[in-house]
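Heads up: the structure comes next, in C-alpha cells.
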Amino acid sequence: MNAAIRYLAKIALAGGIALGLATVADAQDKIVRIGFQKYGTLILLKTKGLLEEKLEPQGYTVEWTEFPAGPQLLEALNVGSVDFGTTGEAPPIFAQAAGAPLVYVGYEPPAPEAEAIIVPKDGPLKGVADLKGKKVALNKGSNVHYLLVKALEKAGLSYSDIEVSFLPPADARAAFEKGAVDAWVIWEPFLAAAEAATGARQLANGTGVVDNHEFYLASRNFINAHPGVVDTIVASLGEVDTWINANRSDVAEQFSPALGLPKEVLEVAVERRQYGVKPITPEVVAAQQKIADVFHELGLIPSAIKIADAVQK
C-alpha cells in the first residue's frame, strides 16, 4: 500500500470513528429523562404512553425515574440526570438557592387540601398550637415545609417552637406509626394512605393557609436545546388533565396498579386536587417569591433569590 492510499485509509477510518461518535451523541441528545413522584398527572401520562407516541416520530425516546419527593428529583435535575419533572412549591426554591439551573414551565391549580399536618387518632394533640415543644416529621425542602411554617404562624407559634425531624415519606410513616414523632406533615397520596391505614387525624391542612401549587420544571440546558419537546410535554400534560376532569371516577382505578395503592385511597387523593396545567403567571411568581422570602428570613435558604430569574421567558 503506497503512502497516498495509507493516508486515505486513515482519513476514512477517522471519519468513520467521528461519524460513530456523532451518532452516539445524537442518540443521547434524543433521550428525554423525566422525573416523577408517587402521584400526579405525570405518572398518568407515563401510564398512558401518550408522550412516547408524540415524540417517537421525532426520534426521541423517554426515560422515566421515580423519586420519593421533590427535593431529590431536583437534585437529579441539578446534576444533569433529569431533564424535566414536577414538584410542589418549596423544592424549586431550595434548588434555585443552591444554584440549580431550573426553569418553571407550568403549574397546576391550587390544592390546599392535598397536604396536611396529621397526628395519631388517639393522641392528645387537638390543634396546631399543641405542637409547641413537639417533634414533627417532614421531608426537608418539600411543599409541606411551607405549610408547617405558615400553620405555626397562624397558631401563634414560631418555627423554632417545635423540633423538626427531616425524614422522607417512607421513613416518616414508620416513625409516625411507632410514635417516634408527634406529628407528620405530608402530601397526597401518602396523606390519604396514612389516614386509611392508621386513622390519623388532621390538625390542619392548607385551606386558608397555603396554595400548594404543583410546578413543572425543566433544566435550562434542556429547554434551550429542545424547546419544542418541552412544549410537547406540557401540551400532553394538558391532555391528561382534561381527561382527568372528564373521567374523575376512572382516575383512581387507572392510578391504582401503577402506584400500588388501593383504589379507595386514591379516590380520596384525586378529589383533593384540581387539574389543568397552566403557563406561569406574574401572580404565581409573586406567590413563589413570598415563600422564598419567608425561607430566607428563617435562614432555611442561605441567600435571597429572585423567582423571576427561573421563569421561562
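The values are calculated or read from the model by the stated rules, or taken from the named source; none is laboratory data. Keep in mind that what you see is a predicted model, and the values were worked out from it rather than measured. Reconstructed Cβ throughout: ideal geometry from the backbone, glycine too, with neighbour counts over all protein chains shown. Areas reflect the complete protein model, heavy atoms only, side chains present, ligands, DNA and RNA absent. Shrake-Rupley method; radii C 1.70, N 1.55, O 1.52, S 1.80 Å.
Name every residue in region 213-261 that is of a type in the set (Lys, Arg) and over 20 Å from residue 70 (Cα atoms), in order of residue number.
Hit for region 213-261 is 248, nothing else.
If you scan region 262-311, which residues turn out to be assigned to a loop (DSSP other than H, G, I, E, B) and under 18 Å from residue 90 (Cα atoms)?
Within region 262-311, 273, 280, 281, 298, 299, 300, 301, 302, 303, 304, 305, 306 meet the criteria.
Restricting region 143-168 to residues that are farther than 16 Å from residue 129 by Cα and in contact with a Lys or Arg (Cβ under 8 Å, 6 or more places away or on another chain), which is least open to solvent (accessible area, probe 1.4 Å)?
165
Residue 108 passes all but one of (1) open to solvent by 50 Å² or more (accessible area, probe 1.4 Å); (2) touching a Phe, Trp or Tyr at 6+ places or on another chain (Cβ under 7 Å); which number fails?
(1)
Is it the case, given these coordinates, that residue 232 is surrounded by fewer than 16 Cβ atoms within 10 Å (Cβ to Cβ), under 20 Å from the mean Cα position of the chain (by Cα) and of a type in the set (Val, Ile, Thr)?
So residue 232 fails the test.
Any idea which of 290, 313, 306 is modelled with pLDDT under 90, open to solvent by 80 Å² or more (accessible area, probe 1.4 Å) and not hydroxyl-bearing (Ser, Thr, Tyr)? First the steps, then the outcome.
Working: 290 fails: modelled with pLDDT under 90; 306 fails: modelled with pLDDT under 90.
Just a single option satisfies the conditions, and that option is 313.
So, of the residues in region 203-225 that are in a loop (DSSP other than H, G, I, E, B) and open to solvent by less than 30 Å² (accessible area, probe 1.4 Å), which turns out to be farthest from residue 307 (Cα to Cα)? Full working, then the answer.
Filtering region 203-225 down to residues in a loop (DSSP other than H, G, I, E, B) leaves 206-213.
Applying the additional criterion that residues be open to solvent by less than 30 Å² (accessible area, probe 1.4 Å) yields 206, 210, 212-213.
Details: 206: 22, 210: 18, 212: 16, 213: 15 Å.
Selected residue: 206.
Conditions first: (1) touching a residue at least 60 places away in the same chain (Cβ under 8 Å); (2) surrounded by fewer than 17 Cβ atoms within 10 Å (Cβ to Cβ). Residue 178 passes all but one, so which condition is the exception?
Tallying (1) touching a residue at least 60 places away in the same chain (Cβ under 8 Å); (2) surrounded by fewer than 17 Cβ atoms within 10 Å (Cβ to Cβ), residue 178 fails exactly one: (1).
If I ask for residues that are over 19 Å from residue 46 (Cβ atoms) and aromatic (Phe, Trp, Tyr), which ones from region 75-102 would you list?
Once the filter is applied, which keeps residues that are over 19 Å from residue 46 (Cβ atoms) and aromatic (Phe, Trp, Tyr), region 75-102 yields only 94.
Given the conditions (1) exposed (fewer than 14 other Cβ atoms within 10 Å of the Cβ); (2) of a type outside the set (Gly, Ala, Ser); (3) free of Cβ contacts under 8 Å to residues at least 12 places away in the same chain, and given that residue 279 satisfies all but one, which numbered condition is not satisfied?
Every condition holds for residue 279 apart from (3).
Can you pull out every residue in region 283-313 that is without any contact (Cβ under 8 Å) to a residue 24 or more places away in the chain and under 20 Å from residue 223 (Cβ atoms)?
Scanning region 283-313 gives 306, 308, 313.
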